[in-house]
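Here is the structure we will look at, set down as structure tokens.
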Amino acid sequence: MNVLALDTATRTGWARLAPDGAVSSGVWEFPTSLDGAHFAAFRDQLSTARRQWGIARVVYERPGNFKSAAAAAVCCGLIATLLVWCLDNGVEAEPVAPQTVKKNLTGKGNANKDLVLARAVRKWPDQDITDNNQADALAVLDWVRGRR
């Protein structure tokens, strides 16, 4: 089964687990406006991923604490877009708590972003990890793999 792991933000980290166990990852960037263009671009990217990879399941990091109202609006809007898209496309969606993901990868449920990034870089040396969002998506995927 193709699994897509997401860390939703203005720069959305993604990681894919292919049926053969291969991992790929990256970051999707969308317009920063909250007029709907951001969410439409996200929905379109999900549809592209499904067409290209046959995504059957999406696991996403559940929203945690936000530093600003704008960050909360973006993240919660993306999660709402994701859930509606999953329902419309028959794709399973599963949230996972940030603390669970961090503890799985680092051993600490309150690990900071720098530690998660460092562990992700060490664990996936074949991935060109560009930022914390991608590292978080890989950490979500690592949690998924541990449950299989």
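A few notes on this one:
Residue-by-condition table, conditions (1) under 14 Å from the mean Cα position of the chain (by Cα); (2) on the phi > 0 side of the Ramachandran plot; (3) surrounded by 16 or more Cβ atoms within 10 Å (Cβ to Cβ):
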position	(1), (2), (3)
Asp20	no, no, no
Val23	yes, no, yes
His38	no, no, yes
Arg51	no, no, no
Ala71	no, no, no
Val84	no, no, no
Pro98	yes, no, yes
Gly109	no, no, no
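- Residue match in the stretch 123-146 (condition: free of Cβ contacts under 8 Å to residues at least 12 places away in the same chain, out of contact with any Ser or Thr (no Cβ under 8 Å at 6 or more places or on another chain) and surrounded by 13 or more Cβ atoms within 10 Å (Cβ to Cβ)): no
- Tabulated pairs, the stretch 16-31, first farther than 15 Å from Ala56 by Cα, second part of a strand (DSSP E or B) and of a type in the set (Val, Ile, Thr), C-beta under 7 angstrom, 6+ apart or interchain: Val27/Thr12; Trp28/Thr12
- When Ala97, Ala120, Ala135, Ala71 are checked against the criterion of being in contact with a Lys or Arg (Cβ under 9 Å, 6 or more places away or on another chain) and under 17 Å from Val27 (Cβ atoms), Ala135 stands alone in meeting it.
Every read-out reported here was derived from the displayed coordinates using simple, explicitly stated rules and does not represent laboratory data. If you're wondering where the values come from, they're calculated on a predicted model, not measured in any experiment. Positions of Cβ are backbone-derived with ideal geometry, glycine not excepted, and every protein chain shown enters the neighbour counts.
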